[in-house]
Amino acid sequence: MADSSGVSDVARGGHRRVSYPRLSAQESPVYRLTAAERRDLHALVEHEWLVTNGMGGYSSSTVAGIITRRYHGLLVAALPNPLGRMVMLNALLESAEDSSGKRALLSLEPGAASGAPAATLTEFRLDAGVPLWRYAVARASIEKRVFMPHRQNTVVVLYRVAGDEAVTLHLTPAVHFRGYEASVSEALHEHYAFGVESYGLKLSAAHVPPLHLAIEGTYQFIESPRRIEQIGYPVEEARGYAFHGSLWSPGTFALRVEPGHGVALIGSTEDPAVMQTMTAPEALGAELERKQRLLEAVPAARKEPAVAQLLIAADQFLIRPVGRVRDTVRATAVGDEIRTVIAGYHWFTDWGRDTMISLEGLTLATGRQREAGFILRTFAQYVRDGLIPNLFPDGSDQGLYHTADATLWFFHALERFAVSTGSWSLIEQLLPVLRDIVEAHMAGTRFGIGVDTADGLLHQGAEGYQLTWMDAKVDGWVVTPRRGKAVEINALWYNTLSLLSRWEHDLGEETRARKYADAARRVRESFNQRFWYKEGGYLYDVIDGPDGKGNDPACRPNQVLAISLPHPVLDEERWEPVLRVVQERLLTPVGLRSLAPGHPDFKARYFGDLRTRDAAYHQGTVWAWLIGPWIDAWLKVHPDDKEGARRFLDGLIAHLPEFGVGSIAEIFDAEPPYTPRGCIAQAWSVAETLRCLLKTSGF
């Protein structure tokens, strides 16, 4: 603990002049809030920022500095299982004092400085993905950046002062060590302890790693341990969850900063020796250099700012899952590396379906083929009963396998990988696994997934399970069960059989090649006979539903996959009528509706408590990722219309400066103004937008 006076003086390095590194080869992609938005507290709260560490950990909050979600935190660390992701540094209460002793708030959190006015926010932008704030305080300007060194559970908050006078920063860390999914109302640890170290403070509680808080600059630590009560989390309230909680603070760091100089606060669960390897400006330089290499791998980034921003957004989802220690050791033993994709921030983990759909846009389109190979080999190790996992729960090494489509998307991702790299060695290496997958589907496997011998089509469905991408379930209620023979499942099945037949042929396995080709032909014949909904001029969504439900004529976007995949199952003469219906009834500026207006179950807004939201999740809500299959299908019908196809992306590119600034939301309301909802940053939304932007822009 600090001495009895409550004040500890520990200097690390004193003040230093700070020169921030910048991207050199091309202009840094920048998204700025407008002047009107900077003056509007509602806008500052509605805009959220995110930085990540390549391990699944992240730092995120609102531009205003107000934490509104249980998932917000300056340091959400990705810790070894069974801990998983934990909120280790919830907030930093910031104020600045001028030479006259007047204080102004930089963050608007409760308890920062009672009664003090807010500093004037003169700028907020993303600089190469790093959020930057600039505040005016008296005759000084304060610049703040937040970033995470790659593959460290570390966050750096870097300040620089310019102008005519010094300011004193008052920084009060506030914590509630808990799992990132845990309720904000969960009780605080009974005994937080802290001690003064050479670098700053060490905060600890039972059963979790300590949090190290280091300061670069001369400072005083004013010991004042206290609880900050009744903090409200308005987004949690709107979503129907507990929304009041408490934080704990050990005290306040006071740092006097002269004009032209900088200081930093660093929070980390790493060993202090690792945390202090580089100074904060050096660590920022290393992170910008890493991003520079990402941009240089895609020449189009020089010509199109949206490409550059999407490249940086894509990087946030590619991770090395350090929590799964056994898997990492196993991969390392054979000279490989474990990689996966976070499906969305803040709350998703790695999902098989999302990973395979996202793989091309996140890795192959961005020059990261090596990492794509790691991801594919990682998932191949988890095949069970002909299925890859649907998801890995946070804090667990065991996958959950309740999915009918993720494994079929795995074949698609492998084909795109081989085309991109020009090498078929990975497919040859995995061919025994791929055969086993298809044979398991033909014989029948878990969750009612299997081939109907009467028509060769693939059926799926088990009571209480949600097996397709339309997978909402709440309190045992599967909202869109889609049991039977789903349209996109059979489009994917035909594509899978066609691919495997070709691969077997190319490797000289003619008997197997003919077997799978014959199965594919039968699927195609049955599909075109049975899925065509003549009265509507489009495809049934599900046929042969359980309990005599028959065929479902709901107009949904899943039918687009019957055209968009490399091996389209739908007869070509029906492509244009299907696209016409989809364009008229499902297409929006930010993706495709999940259900056409006019259906009794159509929901225009995704809002409210969990049950209300899940009732709307796939019943009208717009999904951004579907713009990818839509554009692929459009270009098959209109191969010379890349310019027209490119215009379908305009709404998503215009969305980049809002909601999760610099990224693309998971979903949107089904009607204007198409309010963004769900995750503020979604892997397949970013991946498919980036892939199609590169595909249609002629770069």
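The values are calculated or read from the model by the stated rules, or taken from the named source; none is laboratory data. Since the model is a prediction, treat every value here as computed from it, not as a measurement. In this analysis, Cβ positions are derived from the backbone assuming ideal geometry, glycine residues included, and neighbour counts consider all displayed protein chains.
Data table
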read-out	value
Filter result (modelled with pLDDT of 95 or more, part of a strand (DSSP E or B) and not aliphatic (A, V, I, L, M)) within segment 148-167	THR154, TYR159, ARG160
Matching residues, segment 425-468, being surrounded by fewer than 17 Cβ atoms within 10 Å (Cβ to Cβ) and not in a helix (DSSP H, G or I)	GLY444, ASP452, THR453, ALA454, ALA462, GLU463, GLY464
Number of the exception - GLY620 against (1) out of contact with any Lys or Arg (no Cβ under 7 Å at 6 or more places or on another chain); (2) buried (at least 22 other Cβ atoms within 10 Å of the Cβ)	(1)
Residue in segment 300-320 that is β-branched (Val, Ile, Thr), under 14 Å from ALA687 (Cβ atoms) and over 15 Å from the mean Cα position of the chain (by Cα) present	yes
Residue satisfying condition, being assigned by TED's automatic domain parsing to the domain that holds VAL156, surrounded by fewer than 19 Cβ atoms within 10 Å (Cβ to Cβ), hydroxyl-bearing (Ser, Thr, Tyr) and not in a strand (DSSP E or B), within set SER99, SER107	SER99
Selection from segment 371-394 of residues that are out of contact with any Gly (no Cβ under 7 Å at 6 or more places or on another chain), surrounded by fewer than 21 Cβ atoms within 10 Å (Cβ to Cβ) and in a loop (DSSP other than H, G, I, E, B)	GLN381, VAL383, ASP385, PRO393
Verdict on ALA308 being in contact with a Pro (Cβ under 8 Å, 6 or more places away or on another chain) and hydrophobic (A, V, I, L, M, F, W, C)	yes
Residue satisfying all of: in segment 342-370; crowded, with 24+ Cβ neighbours inside 10 Å and touching an Asp or Glu at 6+ places or on another chain (Cβ under 7 Å); farthest from ALA297 (Cα to Cα) among these	ARG353
Filtered residue count, segment 56-72, keeping only those that are farther than 21 Å from ARG145 by Cβ and either part of a strand (DSSP E or B) or of a type in the set (Ser, Thr, Tyr) (or both)	2
Residue count for segment 207-242, restricted to those that are over 29 Å from ASN81 (Cβ atoms), of a type outside the set (A, V, I, L, M) and in a strand (DSSP E or B)	14
Any pair with Cβ under 9 angstrom, 6 or more apart, that starts in segment 238-249 at a residue that is aliphatic (A, V, I, L, M) and ends at one that is outside any loop (DSSP other than H, G, I, E, B)	ALA242/GLU236; LEU247/ALA91; LEU247/ALA174; LEU247/VAL175; LEU247/ARG227; LEU247/ILE228; LEU247/GLU229; LEU247/ILE231
The listed residue being of a type in the set (Gly, Ala, Ser), within 17 Å of LEU587 (Cα to Cα) and in contact with a strand residue (DSSP E or B) (Cβ under 8 Å, 6 or more places away or on another chain), out of GLY620, GLY628, GLY644, GLY660	GLY620
Qualifying residue in segment 568-591 (condition: out of contact with any strand residue (DSSP E or B) (no Cβ under 8 Å at 6 or more places or on another chain) and hydroxyl-bearing (Ser, Thr, Tyr))	no
